[in-house]
Structure formats: structure tokens, C-alpha cells
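Here is the structure we will look at, set down as C-alpha cells.
The values are calculated or read from the model by the stated rules, or taken from the named source; none is laboratory data. Please read these numbers as outputs of a predicted model, since none were measured by experiment. Here Cβ is always computed from backbone atoms with ideal geometry, including for glycine, and neighbour counts include all displayed protein chains.
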């Protein structure tokens, strides 16, 4: 067998043989998005509290309040998203 014969035997790319590519963890994007949103919202509220603490000199109370408000809000959102799974 020469090198030219090896070049002609290319492996098939997904979708070329008419078969669908298997999906790993269907629906994972939704939950990954919620995780990123959870962290982002908590981070934004914590940063806003930190910024307000620096302006008002009330460290660390507004930052802690921002953290708790962000966490509570995202926990409620997560509850609303998962509530429909049990029906």
C-alpha cells in the first residue's frame, strides 16, 4: 500500500454518512446558562454593594446586603425554573 492509498482513506466526518451526531447531555446548555447567570448576578450585586460601601464608608454592610439580595433572587429564579420539572 503506498502513501497515496492512505490519503484516499480519510475518516468520515460527523454527518457525512447521513448519521446524526450523538448529543451528549441534552438540555445541559440550559443549566450551564443558569449557572453562569447565577454567578454573574451575585457578582454584580456584590460589586454594587462594594462600590456603594466605598462611596458611603459603610464597609462591609452594603456588600454583604448585595450578596444576599443577589443570592436570594437567583435562588428564587432557580426554584421557578425547576418547579415545572416535578409536574
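Quick test for you: out of 40, 66, pick the one residue that is modelled with pLDDT of 95 or more, surrounded by 10 or more Cβ atoms within 10 Å (Cβ to Cβ) and either assigned to a loop (DSSP other than H, G, I, E, B) or touching a helix residue (DSSP H, G or I) at 6+ places or on another chain (Cβ under 6 Å) (or both). Talk me through it step by step, then tell me what you get.
Details: 40 fails: either assigned to a loop (DSSP other than H, G, I, E, B) or touching a helix residue (DSSP H, G or I) at 6+ places or on another chain (Cβ under 6 Å) (or both).
Testing whether each residue is modelled with pLDDT of 95 or more, surrounded by 10 or more Cβ atoms within 10 Å (Cβ to Cβ) and either assigned to a loop (DSSP other than H, G, I, E, B) or touching a helix residue (DSSP H, G or I) at 6+ places or on another chain (Cβ under 6 Å) (or both) leaves just 66.
If you check every pair at least six apart or on different chains, which have Cβ atoms under 9 Å apart with a residue in the range 48-62 that is crowded, with 16+ Cβ neighbours inside 10 Å first and a residue that is not in a helix (DSSP H, G or I) second?
From the range 48-62, the pairs are 49/60; 50/59; 50/60; 52/58; 53/59; 53/60.
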